[in-house]
Structures are given as structure tokens and as C-alpha cells.
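K.L.:
Below: one structure in C-alpha cells.
Any read-out appearing in this document is the output of simple, stated calculations on the displayed coordinates, not a laboratory observation. Keep in mind it's a predicted model, so treat the numbers as computed, not measured. We place every Cβ from the backbone using ideal geometry, glycine too, and count neighbours over all the protein chains shown.
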Amino acid sequence: MQHEPFDMAAAEALHPNWKRDDHLLAVLARNAAAHPAEIALRERDRGIWHEYTWADYLAGVTEFAAGLEAQGVGPGDIVLVIGDNRPNLYMAMLGICALRAIPSPAYSDAPSDELAAQMVRENIRTAIAEDQEQVDKLMEARERHAGLSLIVYDDPRGLQGREPDGVQGFDDIRAQGAARIKAEPGLAGDLVARASVHDVAVLMHSSGTTGAPKGIPLKHGHVLSGVRNAAAAGYFRQGETHMAYLPMAWVGDFIFSIGAGLELRFNVNIPEDQETAMHDLREIAPTLYFASPRAWSAMLTRVQVGMAETGGLKRRLYDFFMPKAMEAERARLDGKPGARPWRWLGELLVYGPLRDRLGLARVERAYTAGEAIGEDVFLWFRALGLNLRQFYGQTENCALAVAQKPEDISLTTVGRPFPGVEMQIDEHGEILLKGDNIFDGYFQNPKSTAETLVDGWLHTGDAGQIEPDGQLVVLGRVSEVVEKADGTRFIATYIENRLKFSPYIKDAAVIGKGREILTAIVCIDFQAVGQWAQETGVAYTSYAELSQAAPVYGLIEREIADVNAHLPHGLSVARFVNLHKEFDPDDGEVTRTRKLKRNVIDERYGPIIEALNAGDSQIDFKAQITYENGQTGSLDRLLRLADVKEAR
């Protein structure tokens, strides 16, 4: 992609409806011209909220772009961006776009070896980092990729005045740019006008569950088409109050915080850091809120743990009104709406105060996606008064393809396609999508592109079916359809997601390909199980000890048995083990988005899997551990292996 000749005629033929000057920089400039004093970004720093108007936003982007250009960054260059959500990092990404270069965000917890691999794949010479921690990792990565010549940092703490060679501050780069703009009349306008709707706005990456992540270039036109389709469906509204807390390397953050933020003039609020995000959420009081099923479940667990520690009138009111609201929502789910004369009182005493406490008091559009959400979690938040809805999308389609309408209340479906998106199911049961929000191909990977894009249709890799009312049901990955020894077909993620509906199960890996039975490696939810243990008198000192306690095995067996009761015959989990630790991305067991790397699980826990299938009651497992300094070692763990009674 770097410095390759750009074929405008071919690009225009691919997207004839796009207009060349309709891009993110032009939208930003339009906002700054029409609403210069309106607040575009807010950031909490050391407890104080700092505000940036649309005029400030545009100035930050153009000045940084001018300074970066002076450092030699130009069209086609790929620039790595790493850190938590920060205004200067958003400005940097758009400044990179102004130069017709390409921002390539990385997850903030990615280790230096992953960063070095990304740099080599993308021939990266420049990186933008949030703080000293990220700079240190980039310096380590530079030892393996000498081509990295410039590192720009945002937070000056620990760096300013002590910069290593090749390291400069964001403010210094911006000051250089401001001087250029002052000395060169027309430069700021030129920087806004250079970009094209056909330019790549961001280079995202696949999860890399089966190998190195694939680069997914999204053009300005893809992003704006996706946002406009979603807005036409009522998914977004102009002027939303939004909290930018999702990882910057995830497509959802780019689409929500930058794409929709610009196109629909969101007020984008950035929490102080990830640890204070839930506290800051209450102050921000967003009107739009997205969270993964895992995050919604964690929020519910936090409430339940808090209520378990609360007594008196507050606890009695909660125990009275929440079950009634849950029962009413369950009836609505079954198509049986009924009178709820008590709702106004519950709203006054329980539901409203709880929404306010969680920071959700003003949320009008609440969404979840990424995997199936548990029935109790879904119903609880709807009972609380949130019109929580599911949507379906991938990085390749800008995360915006299909969503439930406000009146669509369903656990099993994810909704209907947005305007501008076509959908069909092919003869193999795979979901196909078409539209201007669909990417044009993988980064330097024609083989994968040819397999994924066929006659303009995106082959999502997901199996699905369309209900009579037009709603989509996502069944799982086509590639993950496997068979047991008796020929029974199953998708492990389908079962795993349902196991994770339990508040006590954080992760699970279901194994059964070519085997007589299905078994599961379970990672307990330390907070929820810890609270349960406290209430039931189970003593423990660590995650490992708690996971192996006999009463905890009884608890997890009951949770698995509940799931088994709703699975087809022959697909119940027969045996399981509670792992002594959580699956960890740093150990290579899950991706940064917490998708299982099955080949790693199969290899690392092979002895446990064999013991489960052999019917053993325990195993002395030599566990691999990674220390903070990166060195590895091993530790012997005696793990229980248990049956699930009445497994079918």
C-alpha cells in the first residue's frame, strides 16, 4: 500500500455514488465553519474536564498534520497509533489522514513483540504513542524493526526533556505545524482538501485467532456510508452525547467516536482512564451507549454484588420491584404485553435511581454486539428501563450492517439490515452482505480478498438464517462447524456463549471435535464466584484455590446442567474442569478482543483434555506461567475433573 500509484478511475468505478470531496476532513471543516464554538470533545484529566470546540478540533488536526509532514510523513505511509482514548490521538489520526497517510491503531496492551511484527508487516516508520509506557514498548520494538525512525508521544510525564533519539512530543510537532501554517498562507485549507473519499481512513486488523492478523483498510467512503446508513435507520441521532472508552484499535471506536462523531456532531467525552470509566460514565450521562455482552454482564454482576452487601429497605425494594419488571419483560419477549400499574412506583424508587447510579439515566439508544447476550442480562437491563438492542457487524463492514429496531425484542435475532445494505444467505448457510460500507479488500492479501469478496458480496464467514419477519439469526462461524465422533455437528462458540450467560463463568472452551463427548475448560468469574463463596462460607485465598473448591465445582456443574437442558440432544457438556487461571491474551490463549485461540488451547491444555475424555477425576497439570519480566516458568497444579449429571 505504501506509495503505490493510486488508480482514481478504478476507485470511482467501484463506488460510483461517492463524491471525491466527501471525506472525514471535509466534514470536520464543515463543522468548524458552521459551529465553531460548539463543544466537540471533552476529556477528563486529573479530575478536571477540558473542552475542545469544533474550531479547536480542526486546528489541532491541521497543525499536527503540518508538523508531521515536516518530519517526512506523506501519502501512503502507514503510521502506528497506540494508547487509550485521548483527544490528541484522535487529532493525530485525522492529521495522518490529512496527509493521505494511513493511521494503523494497535491495542494499548499489545506487547512489544506484537508491535514489532505489525511494524514489519506494514513497514511502519512513524508511531504515535499515548505515554511513557507505550514509548518504552515502541523503543523495545525498534530494536527488532530499525525502520521505526520517529515516535511521537502525547503525555509528557516522564519524557519531556529526557526524550531518547527519535522521540518527540505531540505538542512540539503541533507547534512546528502551527509555525508552518502561519508562514504558508493557504496551507491549512490545502491540508483539509488533499484527502479523497477513496483514501484509506484507517487500517484496522482482524482478531488473528488462526494466525497473523489481516489488515482491513476502511476508506472515508466506507465509514461515512456506514454511519449514514445507521443514522437513516435511527441507530444514531445528531448531537448524541457519547463516551469514548472502547479500545482505539477496535473498529467500533473509530466508527462511533470519529466517523459518527464527525458526521453527526456528537459530543464525544473521554474518561480519565479505563479504571475510572464507569465512574466518569455517571458524570457524562451519555445518550448513546454501546457495550459488549461481557461488559453488560460485568455491570449487572457489580449491581448484584452491591445489593448482596446491602440490607434494609433498599434491599427489600430491589427484591420486590426487579423480579416484577423481569417477569414483565419476559412476558413481552413471549409477545404477551400486560398492564404494569406498579411501574411508575418502581421507576421512582428503584429503576430510575439505579440507572442514574450506573450513569445510564439519559441513555436513549443502548446497544450490544460481538457475541450472544445472556437472557437474564438482556432482560435485567430492559427491566431497568433501557431499550437494549442487539446489532451485528464486522470490521469489514464498518461494524454497521444489521440491527434490531426499537420494537424488535428478541434474544435469538440481531435485527434487519440497515438502509443501503443488502443481505442474503447462500446455499452453504453463510451470511452475505453488500453495500458501500463494505471494505474493498485486505491489506496486501489478494488471496484472502478473493475468498472474502465475490461479485461484490462480502462472505462474512458467519452461518445464519433469516426469519419470516426478515430478522437475521447468527448461528456461529461457518469454519467452526465440526463433528463429534458419531457425526453430530456442532459449533463450539454457540455452546460457549451460552455457558458465559452464567454470571459465574467468565470464559469457556468447549472441546469435542472427533470425540465421543463434549467437554469444557471453564474459567470462573472471580468477582461473582468470590461473592457467592463469601455468602456460602467457602474459604479461599486466591483464584486458583477458589476455582478448585468442591462447592464451586457443584455451582459450576449446576450452571452447565442448566445450559445442557436447552441444548439439542447429543450436544450437552458431559465433563468439565475449572481452570486455575483466566484465559489471558498475554499468554496467547485469547485475542485482545477475547476470542479463543483454539489451536493454543488445544496444545497447551492437551493433557487436561485427554484426562477429561478418559474419565479421570483429577490431573496433576504442569502449568505454564509468564512472569512480569517476560520470562516463563511452570507450576504444578492439581486440578479436579468433574462429570455433569444427566448430560444428554
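K.L.:
Nearest-5 percent of antiparallel DSSP beta bridges in the chain? Could you put the intermediate results ahead of the total?
P.N.:
Numbers: 51 of 84 bridges.
Expressed as a percentage, antiparallel bridges in the chain total about 60.
K.L.:
How far is helix 54-70 tilted, in degrees, relative to the longest principal axis of the Cα atoms in the chain, given as a value from 0 to 90 rounded to the nearest 10?
P.N.:
70 degrees
K.L.:
Considering the dipole of the chain built from charges on the beta carbon (Lys and Arg +1, Asp and Glu -1) around the Cα centre, which of Ala92, His566, Met322 is farthest to its positive end?
P.N.:
In the chain, that residue is Met322.
K.L.:
Something else now. Among Ile511, Gly72, Leu379, pick out the residue whose Cα is farthest towards the positive end of the charge dipole of the chain, where Lys and Arg carry +1 and Asp and Glu carry -1 on C-beta, about the Cα centre.
P.N.:
So the residue furthest toward the plus end is Leu379.
K.L.:
Arrange the following residues from fewest to most other Cβ atoms within 10 Å of their Cβ: Trp532, Trp344.
P.N.:
On the way: Trp532 20, Trp344 10.
Ranked by crowding around the Cβ, least crowded first: Trp344, Trp532.
K.L.:
While we're on this one: In square nanometres and to one decimal, what's the mean projected area of the convex hull around the Cα atoms of the stretch 142-207? All intermediate terms of the calculation are to be shown ahead of the outcome.
P.N.:
Values: hull surface 30.6 nm².
Average projection, Cα convex hull of the stretch 142-207: 7.6 nm².
K.L.:
Dimensions of the stretch 81-211 along principal axes (Cα, Å, largest first)?
P.N.:
Largest to smallest, the principal-axis extents are 48, 40, 26 Å.
K.L.:
Which value at 222 nm does the chain reach when only helices count, each DSSP H run of 4 or more adding -39,500 (n - 2.57), with the total divided by all residues and rounded to the nearest 500 deg cm²/dmol?
P.N.:
Roughly -10500 deg cm²/dmol at 222 nm, from the helical runs in the chain.
K.L.:
Placing unit charges on C-beta atoms (Lys and Arg positive, Asp and Glu negative, everything else neutral), compute the dipole magnitude of the stretch 393-479 about its Cα centre in debye, rounded to 20.
P.N.:
It comes to approximately 200 debye.
K.L.:
Report the FRET efficiency, 1/(1 + (r/R0)^6), for Lys645 and Glu535, where r is their Cβ-Cβ distance and R0 is 25 Å, rounded to 0.05.
P.N.:
0.55
K.L.:
Just rank Cys97, Cys523, Cys398, fewest to most, by other beta-carbon atoms within 10 angstrom.
P.N.:
On the way: Cys97 27, Cys523 22, Cys398 31.
Going from least to most buried by this count: Cys523, Cys97, Cys398.
K.L.:
So what is the relative contact order for the stretch 393-479, in percent, with contacts set as C-alpha pairs under 8 Å and at least six apart?
P.N.:
Rounded, it is 27 percent for the stretch 393-479.
K.L.:
Here's a follow-up. So for the stretch 21-93, averaging the separation of alpha carbon pairs under 8 Å that are six or more residues apart and normalising by length, what relative contact order in percent results?
P.N.:
27 percent.
K.L.:
Identify the GluC sites (Glu not before Pro) of the stretch 350-389 meeting these criteria: DSSP loop state and at most 14 other C-beta atoms within 10 Å of the C-beta.
P.N.:
Here the GluC sites (Glu not before Pro) that fit, given the DSSP loop and packing criteria, are Glu364.
K.L.:
For the stretch 213-263 and the stretch 35-105, write down the distance between their C-alpha centroids in whole Å.
P.N.:
Using only Cα atoms to place each centre, the spacing works out to 16 Å.
K.L.:
Within a 10 angstrom radius of the beta carbon, how do Glu559, Glu422 rank from fewest other beta carbons to most?
P.N.:
If I rank by nearby Cβ atoms, fewest first, I get Glu422, Glu559.
K.L.:
A further question on this structure: What Kirkwood hydrodynamic radius do you get for the stretch 295-354 when you take the inverse of the mean 1/r over all pairs of distinct Cα atoms, in Å?
P.N.:
12.6 Å
K.L.:
I'd like the FRET efficiency for Thr488 and Asp616, computed as 1/(1 + (r/R0)^6) with the beta carbon distance as r and R0 of 30 Å, rounded to 0.05.
P.N.:
0.80
K.L.:
Here is a further query. How do 600-606, 576-582 rank on mean C-beta neighbours within 10 Å, highest first?
P.N.:
Going from most to least packed, we get 576-582, 600-606.
K.L.:
Please compute the contact order of the chain in relative form: average sequence separation of alpha-carbon pairs under 8 Å and at least six residues apart, divided by the residue count, as a percent.
P.N.:
Relative contact order comes out at 10 percent.
K.L.:
Let me ask something else. Mind checking the log10 I(q)/I(0) for the stretch 68-123 at q = 0.16, 0.18, 0.23 Å⁻¹? Debye, one equal scatterer per Cα, no solvent, two decimals.
P.N.:
Taking Cα atoms of the stretch 68-123 as identical point scatterers yields -0.49, -0.62, -0.94.
K.L.:
If packing is taken as the mean number of other Cβ atoms within 10 Å per residue, what is the order of 199-206, 540-547, highest first?
P.N.:
Packing proxy ranking, top to bottom: 199-206, 540-547.
K.L.:
Run the numbers for Ala561 and Val473: contour at 0.36 nm per residue of separation, minus the present Cα-Cα distance, in nm.
P.N.:
Here the answer is 29.2 nm.
K.L.:
In debye to the nearest 20, how big a dipole does the stretch 8-220 give about its Cα centre with +1 on each Lys and Arg Cβ and -1 on each Asp and Glu Cβ?
P.N.:
520 debye
K.L.:
Now a separate question. With charges only on Cβ, +1 for K and R and -1 for D and E, what is the dipole size of the stretch 419-562 about its Cα centre, in debye, rounded to 20?
P.N.:
460 debye
K.L.:
Averaging over every viewing direction, what projected area does the convex hull of the Cα atoms of the chain cover, in nm²?
P.N.:
Values: hull surface 120.7 nm².
It is 30.2 nm².
K.L.:
Give the Debye-formula value of log10 I(q)/I(0) at each listed q (0.19 Å⁻¹), with one equal scatterer per alpha carbon of the stretch 360-465, two decimals each.
P.N.:
Those come out to -0.96, one per q.
K.L.:
Within straight cross-link reach of Lys324, meaning Cα distance under 24 Å, which lysines are found once same-chain residues fewer than 8 apart are removed?
P.N.:
Those lysines meeting the cut-off are Lys314, Lys336.
K.L.:
Given R₀ = 45 Å, FRET efficiency for Asn17-Leu317 by Cβ-Cβ distance, to 0.05?
P.N.:
Plugging the Cβ-Cβ distance into 1/(1 + (r/R0)^6) gives 0.25.
K.L.:
Oh, and also: Given 4 °C and 1.567 mPa s, how large is the Stokes-Einstein diffusion coefficient of the stretch 484-602 in µm²/s, with Rh as the Kirkwood radius over Cα pairs?
P.N.:
Diffusion coefficient, whole number: 87 µm²/s.
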